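**Student:** Before anything else, here's the structure in question.
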Protein chains: 2
Amino acid sequence: MKVKPAANILSANDAIASDNRRLFRENGVFVINLMSSPGAGKTTLLEETIARLSGSIKIAVIEGDVATSADALRIEKTGVPAVQINTGNLCHLDAGMVRSALSEFDIKSLDMLIVENVGNLVCPAEFNVGEDCKAMLLSAAEGDDKPLKYPLMFHESSALVINKTDLIPHTNFSLEKARRDALSINPKLAVFPLSCRTGEGLEDWCGWLADRIGENRCLRG
Amino acid sequence: MKVKPAANILSANDAIASDNRRLFRENGVFVINLMSSPGAGKTTLLEETIARLSGSIKIAVIEGDVATSADALRIEKTGVPAVQINTGNLCHLDAGMVRSALSEFDIKSLDMLIVENVGNLVCPAEFNVGEDCKAMLLSAAEGDDKPLKYPLMFHESSALVINKTDLIPHTNFSLEKARRDALSINPKLAVFPLSCRTGEGLEDWCGWLADRIGENRCLRG
């Protein structure tokens with residue numbers, strides 16, 4: 001008696017994800033699926049990222065949460081369009097939910113769509129939504145044991161943001177161990193230690209994102 | 001296309017949970033289901049709780065994790081028996097998994113069995129395992145917006161430990177807002193702000209647990 005998503009649920013999701021991906025490619029929009037535990041700082045990272053990139057890059061955000069529209073309201077204050085999806089008691093976004101939100105945007109006008117997933121270090125990594133890449137946050141306050149304990153998300157992600165580095169002096173978090181264990185699971189992972197509170201490290205992360213969007217523009221003409 | 005646990009899966013789980021509950025009652029053991037986000041400090045709280053209570057109370061622990069036996073090894077170092085359940089990519093424990101671990105313990109000799117769930121603020125709250133009560137941790141580093149954004153777990157829990165209060169001066173976390181919002185969802189919640197790092201507040205939490213175990217002894221003779 002398990003509720004692990006069955007193969008047919010995952011393949012049904014993948015079919016919708018493929019449709020989404022085709023739509024994103026036709027419209028030249030780069031799509032990133034942003035994942036983490038609750039409270040690792042996804043929305044704050046987006047606020048800081050938008051402040052640095054939205055002058056030159058057209059961005060929109062889909063917010064996934066079990067309840068409330070708090071995060072979409074925070075994003076809208078930055079001047080970027082945002083749609084909130086409430087999942088009820090479901091612990092992740094799937095391709096169909098993302099699909100249902102797309103009609104709210106003028107997709108053709110966008111350079112980047114960011115999908116902020118439900119705060120959960122497990123199931124979001126199993127459900128593709130049609131994204132170009134997945135990125136994840138790990139908060140330094142969560143501890144350096146997370147890569148080995150929750151390996152799938154580290155394996156599936158292209159980038160790992162290690163957030164709240166300003167808290168490291170007040171914890172027993174080892175940046176070196178977290179990085180080493182994450183890279184042992186996924187040697188291609190781009191790792192960005194940063195603090196949204198102090199701003200340290202944000203330029204590297206934003207530079208990486210801007211490069212991905214630039215490549216996408218070249219590929220798609 | 002959703003993978004929200006269907007009613008029949010939840011009712012099948014509840015049937016096994018009822019069997020577990022009967023077994024726990026027959027053997028006079030108090031069972032607590034401990035839940036939180038990844039990295040909120042469940043295992044550290046257990047280490048500190050065991051250090052304060054295991055002289056007078058016979059304790060055992062079931063550890064639920066997606067991967068690794070790291071947490072069970074930490075608990076065994078305290079001298080208390082521990083069994084690790086690895087859930088693969090499943091994001092919560094269910095009653096059958098807990099059932100399968102019970103043969104590893106001499107249940108009759110125990111006063112308290114603690115089930116440490118998979119780190120996840122969503123699905124663990126949906127699956128009863130036969131426990132007497134649920135308790136949850138919220139780390140101050142996760143932010144004070146979590147009660148309204150993840151209401152079910154706050155609703156289902158009897159106790160809320162607000163951990164890592166030593167980090168509050170370095171964050172924008174409002175203890176008052178977190179407490180107020182949690183109590184708005186569940187007015188009966190017993191709230192314990194504490195720091196496993198400094199030890200502040202641990203006595204109140206351990207006293208609450210000891211009282212529950214005492215009540216259980218009286219009820220079950």
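**Student:** Identify the residue in segment A:45-83 that is assigned to a helix (DSSP H, G or I) and acidic (Asp, Glu) and, among all such residues, is farthest from the chain's Cα centre (by Cα).
**Tutor:** So the residue we want is A:Glu76.
**Student:** Same structure, new question: Out of segment A:191-203, which residues are free of Cβ contacts under 8 Å to residues at least 40 places away in the same chain and loosely packed, with under 15 Cβ neighbours inside 10 Å?
**Tutor:** Correct list: A:Thr198, A:Glu200.
**Student:** Next question. Going by the conditions given, is B:Asp65 out of contact with any strand residue (DSSP E or B) (no Cβ under 7 Å at 6 or more places or on another chain) and within 14 Å of chain A (Cβ to nearest Cβ)?
**Tutor:** no
**Student:** While we're here: For the structure I just gave you, tell me whether B:Ser54 is under 28 Å from A:Leu148 (Cβ atoms) and more than 8 Å from chain A (Cβ to nearest Cβ).
**Tutor:** Criteria met by B:Ser54.
So that you can scan it fast, the table gives a plain yes or no per residue for (1) touching a Gly at 6+ places or on another chain (Cβ under 6 Å); (2) more than 30 Å from A:His170 (Cβ to Cβ):
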position: B:Ile57; (1), (2): no, yes
position: B:Thr68; (1), (2): no, no
position: B:Ala82; (1), (2): no, no
position: B:Leu102; (1), (2): no, yes
position: B:Asn117; (1), (2): yes, no
position: B:Asn120; (1), (2): no, no
position: B:Met136; (1), (2): no, no
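**Student:** For B:Arg74, only one of the following conditions fails: (1) within 12 Å of another protein chain (Cβ to nearest Cβ); (2) under 20 Å from A:Pro38 (Cβ atoms); (3) among the charged types (D, E, K, R); (4) in contact with a Ser or Thr (Cβ under 7 Å, 6 or more places away or on another chain). What is its number?
**Tutor:** In the conditions (1) within 12 Å of another protein chain (Cβ to nearest Cβ); (2) under 20 Å from A:Pro38 (Cβ atoms); (3) among the charged types (D, E, K, R); (4) in contact with a Ser or Thr (Cβ under 7 Å, 6 or more places away or on another chain), B:Arg74 misses (2) alone.
**Student:** Within the bounds of segment A:167-188, is there any residue that is outside any loop (DSSP other than H, G, I, E, B), closer than 18 Å to B:Thr171 by Cβ and either under 15 Å from the mean Cα position of the chain (by Cα) or in contact (Cβ under 8 Å) with a residue 12 or more places away in the chain (or both)?
**Tutor:** Yes, segment A:167-188 contains a residue that is outside any loop (DSSP other than H, G, I, E, B), closer than 18 Å to B:Thr171 by Cβ and either under 15 Å from the mean Cα position of the chain (by Cα) or in contact (Cβ under 8 Å) with a residue 12 or more places away in the chain (or both).
**Student:** Further question: If a residue must be of a type in the set (A, V, I, L, M), part of a loop (DSSP other than H, G, I, E, B) and either touching a residue at least 60 places away in the same chain (Cβ under 8 Å) or touching an Asp or Glu at 6+ places or on another chain (Cβ under 8 Å) (or both), how many such residues does segment B:94-136 contain?
**Tutor:** Total meeting the criteria: 4.
Yes or no, residue by residue, for (1) within 19 Å of A:Asn186 (Cα to Cα); (2) touching a helix residue (DSSP H, G or I) at 6+ places or on another chain (Cβ under 9 Å); (3) of a type outside the set (Asp, Glu):
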position	(1), (2), (3)
A:Val115	no, yes, yes
A:Leu121	yes, yes, yes
A:Phe127	yes, yes, yes
A:Glu131	yes, yes, no
A:Met136	yes, yes, yes
A:Ser139	yes, yes, yes
A:Lys146	yes, yes, yes
A:Phe154	yes, yes, yes
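**Student:** Could you grab me the full set of residues in segment B:137-155 that are more than 9 Å from chain A (Cβ to nearest Cβ), in a helix (DSSP H, G or I) and surrounded by 20 or more Cβ atoms within 10 Å (Cβ to Cβ)?
**Tutor:** We begin by selecting, within segment B:137-155, every residue more than 9 Å from chain A (Cβ to nearest Cβ); these are B:137, B:144, B:147, B:153-155.
Imposing the further condition that a residue be in a helix (DSSP H, G or I) reduces the set to B:147, B:153-155.
If the condition is that a residue be more than 9 Å from chain A (Cβ to nearest Cβ), in a helix (DSSP H, G or I) and surrounded by 20 or more Cβ atoms within 10 Å (Cβ to Cβ), then B:Pro147, B:Met153, B:Phe154 are the ones that fit.
**Student:** Suppose we filter A:Ile162, A:Ile185 for residues that are surrounded by fewer than 20 Cβ atoms within 10 Å (Cβ to Cβ) and modelled with pLDDT of 95 or more; which single one remains?
**Tutor:** After ruling out the rest, the residue left standing is A:Ile185.
**Student:** Look at A:Lys42 and say whether it is buried (at least 24 other Cβ atoms within 10 Å of the Cβ), touching a residue at least 24 places away in the same chain (Cβ under 8 Å) and either touching a strand residue (DSSP E or B) at 6+ places or on another chain (Cβ under 9 Å) or over 21 Å from A:Leu137 (Cα atoms) (or both). Don't jump to the end; show me each part of the working.
**Tutor:** Values: buried (at least 24 other Cβ atoms within 10 Å of the Cβ): yes; touching a residue at least 24 places away in the same chain (Cβ under 8 Å): yes; either touching a strand residue (DSSP E or B) at 6+ places or on another chain (Cβ under 9 Å) or over 21 Å from A:Leu137 (Cα atoms) (or both): yes.
Answer is yes for this residue.
**Student:** Moving to a separate point now. Given the condition touching a strand residue (DSSP E or B) at 6+ places or on another chain (Cβ under 7 Å), under 10 Å from B:Ala140 (Cα atoms) and not in a strand (DSSP E or B), answer yes or no: does some residue in segment B:201-220 qualify? So that I can check it myself, show each step before the final result.
**Tutor:** Initial filter on segment B:201-220 (touching a strand residue (DSSP E or B) at 6+ places or on another chain (Cβ under 7 Å)): B:201, B:204-205, B:208, B:212-213, B:216.
Those still in the list that are under 10 Å from B:Ala140 (Cα atoms) too: none.
For segment B:201-220, residues touching a strand residue (DSSP E or B) at 6+ places or on another chain (Cβ under 7 Å), under 10 Å from B:Ala140 (Cα atoms) and not in a strand (DSSP E or B): absent.
**Student:** Do any residues in segment B:75-88 that are crowded, with 16+ Cβ neighbours inside 10 Å have Cβ atoms under 9 Å from those of residues that are at pLDDT below 95, where the two are at least six apart or on different chains, and which pairs are they?
**Tutor:** These pairs meet every condition: B:Thr87/A:Lys2; B:Thr87/A:Lys4.
**Student:** From the list B:Leu46, B:Leu93, B:Leu121, B:Leu113, which one is out of contact with any Ser or Thr (no Cβ under 9 Å at 6 or more places or on another chain) and either over 22 Å from B:Ala210 (Cβ atoms) or more than 14 Å from every other protein chain (Cβ to nearest Cβ) (or both)?
**Tutor:** One residue alone meets the criteria, B:Leu113.
**Student:** Additional query: Does segment B:23-32 include one or more residues that are free of Cβ contacts under 8 Å to residues at least 40 places away in the same chain and either more than 14 Å from chain A (Cβ to nearest Cβ) or under 17 Å from B:Gly96 (Cα atoms) (or both)?
**Tutor:** Taking every residue of segment B:23-32 in turn, at least one turns out to be free of Cβ contacts under 8 Å to residues at least 40 places away in the same chain and either more than 14 Å from chain A (Cβ to nearest Cβ) or under 17 Å from B:Gly96 (Cα atoms) (or both).
**Student:** Moving on to the next point. Out of the residues in segment A:55-74 that are aliphatic (A, V, I, L, M) and without any contact (Cβ under 8 Å) to a residue 12 or more places away in the chain, which is surrounded by the most Cβ atoms within 10 Å (Cβ to Cβ)?
**Tutor:** Result: A:Ala70.
**Student:** Examine segment B:126-143 for a residue that is out of contact with any Ser or Thr (no Cβ under 7 Å at 6 or more places or on another chain), at positive phi, of a type outside the set (Ser, Thr, Tyr) and at pLDDT below 95, and state whether such a residue exists.
**Tutor:** No: segment B:126-143 contains no residue that is out of contact with any Ser or Thr (no Cβ under 7 Å at 6 or more places or on another chain), at positive phi, of a type outside the set (Ser, Thr, Tyr) and at pLDDT below 95.
The values are calculated or read from the model by the stated rules, or taken from the named source; none is laboratory data. Keep in mind that what you see is a predicted model, and the values were worked out from it rather than measured. In this analysis, Cβ positions are derived from the backbone assuming ideal geometry, glycine residues included, and neighbour counts consider all displayed protein chains.
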